[in-house]
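Below is one structure; the comments refer to it alone.
The values are calculated or read from the model by the stated rules, or taken from the named source; none is laboratory data. Computed from a prediction, not measured in an experiment: that's the story for all the values here. Methodologically, a virtual Cβ is constructed for each residue, glycine included, from the backbone with ideal geometry; neighbour enumeration extends over all protein chains shown. Accessible surface areas use protein heavy atoms only, side chains included; no ligands, DNA or RNA. Shrake-Rupley method; radii C 1.70, N 1.55, O 1.52, S 1.80 Å.
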Amino acid sequence: MAMNLIKQIAVLGQRPSLGKVLSAKMYTGKLYEPDYLETGKSKVPMLPSINIQIKGYDYPVLESYQALMYKLANAMQIDVDDSWALPAQVFKIEKFKTRTTVIETKYDLKIFERNMQVSEISTAKCSVLIRVLEAALPQGVTLNVDVFDPALEKKRYVPDKELLDLKSTLENLKK
(Lines give C-alpha, C1' and ligand atoms only; values in the text may rest on other atoms or scores of the structure.)
Protein backbone atom coordinates (compact mmCIF):
# COMPACT_ATOMS: atom_id res chain seq x y z
CA MET A 1 0.00 0.00 0.00
CA ALA A 2 2.84 2.37 0.83
CA MET A 3 4.59 1.46 -2.42
CA ASN A 4 1.44 2.27 -4.40
CA LEU A 5 1.28 5.65 -2.69
CA ILE A 6 4.91 6.35 -3.58
CA LYS A 7 4.32 5.34 -7.22
CA GLN A 8 1.23 7.56 -7.48
CA ILE A 9 3.09 10.54 -6.06
CA ALA A 10 6.10 9.88 -8.35
CA VAL A 11 3.79 9.81 -11.38
CA LEU A 12 2.41 13.21 -10.40
CA GLY A 13 5.96 14.53 -10.24
CA GLN A 14 5.95 15.31 -6.55
CA ARG A 15 8.45 14.20 -4.01
CA PRO A 16 6.81 11.84 -1.45
CA SER A 17 6.75 13.16 2.06
CA LEU A 18 7.67 10.85 4.91
CA GLY A 19 4.44 11.67 6.77
CA LYS A 20 2.19 10.25 4.03
CA VAL A 21 4.25 7.07 3.75
CA LEU A 22 4.23 6.52 7.52
CA SER A 23 0.50 7.20 7.79
CA ALA A 24 -0.13 4.59 5.11
CA LYS A 25 1.89 2.01 7.08
CA MET A 26 0.33 2.95 10.41
CA TYR A 27 -3.20 2.58 9.06
CA THR A 28 -3.09 -1.19 8.80
CA GLY A 29 -2.55 -1.86 12.51
CA LYS A 30 -0.56 -5.07 12.06
CA LEU A 31 2.00 -5.89 9.46
CA TYR A 32 0.60 -9.09 7.96
CA GLU A 33 -3.12 -8.78 8.79
CA PRO A 34 -5.63 -6.76 6.80
CA ASP A 35 -7.29 -3.84 8.55
CA TYR A 36 -10.84 -5.17 8.12
CA LEU A 37 -10.13 -7.86 10.73
CA GLU A 38 -9.75 -5.20 13.42
CA THR A 39 -12.94 -3.27 12.57
CA GLY A 40 -15.30 -6.01 13.80
CA LYS A 41 -13.70 -6.33 17.23
CA SER A 42 -15.13 -4.53 20.21
CA LYS A 43 -12.94 -2.20 22.22
CA VAL A 44 -15.00 -2.94 25.37
CA PRO A 45 -14.15 -6.27 27.04
CA MET A 46 -16.69 -9.05 26.59
CA LEU A 47 -17.88 -11.33 29.40
CA PRO A 48 -18.21 -15.10 29.17
CA SER A 49 -21.64 -16.69 29.44
CA ILE A 50 -23.43 -15.43 32.52
CA ASN A 51 -26.45 -16.84 34.30
CA ILE A 52 -29.11 -14.58 35.79
CA GLN A 53 -31.09 -16.47 38.40
CA ILE A 54 -34.23 -15.26 40.15
CA LYS A 55 -36.03 -17.01 43.01
CA GLY A 56 -39.25 -16.13 44.76
CA TYR A 57 -42.24 -17.40 46.70
CA ASP A 58 -44.93 -15.72 44.60
CA TYR A 59 -45.33 -17.27 41.14
CA PRO A 60 -47.11 -14.36 39.35
CA VAL A 61 -44.61 -11.80 40.66
CA LEU A 62 -41.70 -13.97 39.51
CA GLU A 63 -43.22 -14.45 36.05
CA SER A 64 -43.85 -10.74 35.55
CA TYR A 65 -40.29 -9.95 36.68
CA GLN A 66 -38.93 -12.48 34.21
CA ALA A 67 -40.96 -10.77 31.46
CA LEU A 68 -39.38 -7.47 32.53
CA MET A 69 -35.92 -9.06 32.28
CA TYR A 70 -36.62 -10.08 28.68
CA LYS A 71 -37.94 -6.65 27.78
CA LEU A 72 -34.83 -4.99 29.22
CA ALA A 73 -32.51 -7.39 27.40
CA ASN A 74 -34.38 -6.77 24.16
CA ALA A 75 -34.30 -3.00 24.62
CA MET A 76 -30.56 -3.09 25.31
CA GLN A 77 -29.99 -5.37 22.29
CA ILE A 78 -28.70 -8.24 24.42
CA ASP A 79 -29.28 -11.70 23.00
CA VAL A 80 -30.68 -14.24 25.45
CA ASP A 81 -29.17 -17.63 24.66
CA ASP A 82 -31.38 -19.80 26.82
CA SER A 83 -33.83 -19.64 29.67
CA TRP A 84 -35.50 -22.26 31.79
CA ALA A 85 -37.57 -22.84 34.86
CA LEU A 86 -36.67 -25.34 37.54
CA PRO A 87 -39.29 -27.33 39.45
CA ALA A 88 -40.52 -25.63 42.58
CA GLN A 89 -38.86 -26.60 45.85
CA VAL A 90 -41.43 -27.41 48.52
CA PHE A 91 -40.65 -26.81 52.18
CA LYS A 92 -42.95 -28.00 54.95
CA ILE A 93 -42.92 -25.70 57.96
CA GLU A 94 -44.53 -26.68 61.26
CA LYS A 95 -45.18 -24.27 64.09
CA PHE A 96 -45.41 -25.81 67.56
CA LYS A 97 -47.35 -24.58 70.55
CA THR A 98 -45.06 -23.10 73.17
CA ARG A 99 -43.33 -25.67 75.36
CA THR A 100 -45.10 -28.60 73.71
CA THR A 101 -44.67 -30.95 70.79
CA VAL A 102 -48.20 -30.28 69.54
CA ILE A 103 -48.32 -28.77 66.06
CA GLU A 104 -50.22 -25.47 66.00
CA THR A 105 -50.05 -24.69 62.25
CA LYS A 106 -48.49 -26.18 59.12
CA TYR A 107 -47.19 -24.25 56.11
CA ASP A 108 -46.17 -25.48 52.67
CA LEU A 109 -43.77 -22.99 51.11
CA LYS A 110 -42.82 -23.22 47.45
CA ILE A 111 -39.74 -21.50 46.06
CA PHE A 112 -39.91 -20.96 42.30
CA GLU A 113 -36.74 -20.47 40.26
CA ARG A 114 -36.08 -19.05 36.79
CA ASN A 115 -32.76 -18.82 34.95
CA MET A 116 -31.68 -16.76 31.96
CA GLN A 117 -28.36 -17.38 30.18
CA VAL A 118 -26.69 -14.52 28.31
CA SER A 119 -23.38 -14.65 26.43
CA GLU A 120 -21.27 -12.27 24.36
CA ILE A 121 -22.28 -9.30 26.50
CA SER A 122 -20.04 -6.29 26.99
CA THR A 123 -19.06 -5.27 30.50
CA ALA A 124 -20.72 -1.88 30.06
CA LYS A 125 -24.07 -3.37 29.05
CA CYS A 126 -23.86 -6.00 31.77
CA SER A 127 -23.30 -3.48 34.54
CA VAL A 128 -26.21 -1.33 33.33
CA LEU A 129 -28.47 -4.39 33.05
CA ILE A 130 -27.64 -5.56 36.57
CA ARG A 131 -28.22 -2.10 38.08
CA VAL A 132 -31.61 -1.77 36.38
CA LEU A 133 -32.61 -5.30 37.44
CA GLU A 134 -31.61 -4.53 41.03
CA ALA A 135 -33.58 -1.28 41.01
CA ALA A 136 -36.72 -3.02 39.71
CA LEU A 137 -36.40 -6.06 41.99
CA PRO A 138 -39.77 -6.78 43.63
CA GLN A 139 -40.16 -7.68 47.26
CA GLY A 140 -39.59 -11.36 48.01
CA VAL A 141 -37.55 -12.01 44.85
CA THR A 142 -33.82 -12.68 45.00
CA LEU A 143 -31.48 -11.98 42.10
CA ASN A 144 -28.21 -13.83 41.56
CA VAL A 145 -25.84 -13.09 38.66
CA ASP A 146 -22.96 -15.51 38.16
CA VAL A 147 -20.76 -17.06 35.49
CA PHE A 148 -22.61 -19.92 33.80
CA ASP A 149 -21.86 -23.29 35.38
CA PRO A 150 -22.41 -26.46 33.32
CA ALA A 151 -23.63 -28.21 36.49
CA LEU A 152 -26.81 -26.13 36.18
CA GLU A 153 -27.52 -28.00 32.96
CA LYS A 154 -27.71 -31.31 34.87
CA LYS A 155 -29.89 -29.79 37.58
CA ARG A 156 -32.28 -28.59 34.92
CA TYR A 157 -33.45 -32.00 33.70
CA VAL A 158 -35.66 -34.28 35.79
CA PRO A 159 -34.53 -37.93 35.57
CA ASP A 160 -36.98 -40.42 34.07
CA LYS A 161 -37.64 -43.17 36.62
CA GLU A 162 -38.80 -45.72 34.03
CA LEU A 163 -35.74 -45.16 31.88
CA LEU A 164 -33.41 -45.59 34.86
CA ASP A 165 -35.21 -48.83 35.81
CA LEU A 166 -34.87 -50.17 32.26
CA LYS A 167 -31.14 -49.35 32.24
CA SER A 168 -30.60 -51.14 35.54
CA THR A 169 -32.45 -54.27 34.30
CA LEU A 170 -30.38 -54.21 31.11
CA GLU A 171 -27.17 -54.08 33.16
CA ASN A 172 -28.40 -56.97 35.31
CA LEU A 173 -29.11 -59.04 32.18
CA LYS A 174 -25.58 -58.39 30.88
CA LYS A 175 -24.07 -59.82 34.07
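On the stretch 47-157, 54 percent of the accessible area sits on carbon and sulfur atoms, based on a 1.4 Å probe.
Pairs spanning more than 26 Å between alpha-carbon atoms, out of 55/125; 71/154; 55/167; 95/155; 110/161; 106/161: 71/154; 55/167; 95/155; 106/161.
For residue 126, the shell of other residues with beta-carbons less than 15 Å away shows a net charge of -3, using +1 for Lys and Arg and -1 for Asp and Glu.
Report the Stokes-Einstein translational diffusion coefficient (µm² s⁻¹, integer) for the stretch 115-175, Rh taken as the Kirkwood radius over Cα pairs, at 37 °C with viscosity 0.692 mPa s.
210
Solvent exposure of the stretch 47-157, expressed per residue, is 65 Å² of accessible area, with all protein chains present and a 1.4 angstrom probe. Percent of alpha carbon pairs in the stretch 80-142 separated by more than 16 Å? Of all Cα-Cα distances in the stretch 80-142, 68 percent exceed 16 Å.
Here's the picture: charge each Lys and Arg Cβ at +1 and each Asp and Glu Cβ at -1 in the stretch 53-175, and of 53, 122, 74 the one pushed furthest to the positive end of that dipole is 53.
If you take all other residues with their beta carbon under 10 Å from the beta carbon of residue 73, and give Lys and Arg +1 and Asp and Glu -1, the sum is +1.
Counted by Cβ distance under 15 Å from residue 142, the other residues give a net charge of -1, where Lys and Arg count +1 and Asp and Glu count -1.
So, with +1 on the Cβ of K and R and -1 on the Cβ of D and E, and no other charges, what is the size of the charge dipole of the stretch 47-157 about its Cα centre, to the nearest 20 debye?
Details: 14 positive and 14 negative charges, 119 e Å.
Using only the charged Cβ atoms, the result is roughly 580 debye.
Sort the stretch 43-175 into rounded, prolate or oblate with this rule: let a ≥ b ≥ c be the square roots of the eigenvalues of the Cα gyration tensor; rounded if a/c is under 1.5, and if a/c is not under 1.5, prolate when a/b is larger than b/c, oblate otherwise. In terms of gyration-tensor shape, oblate.
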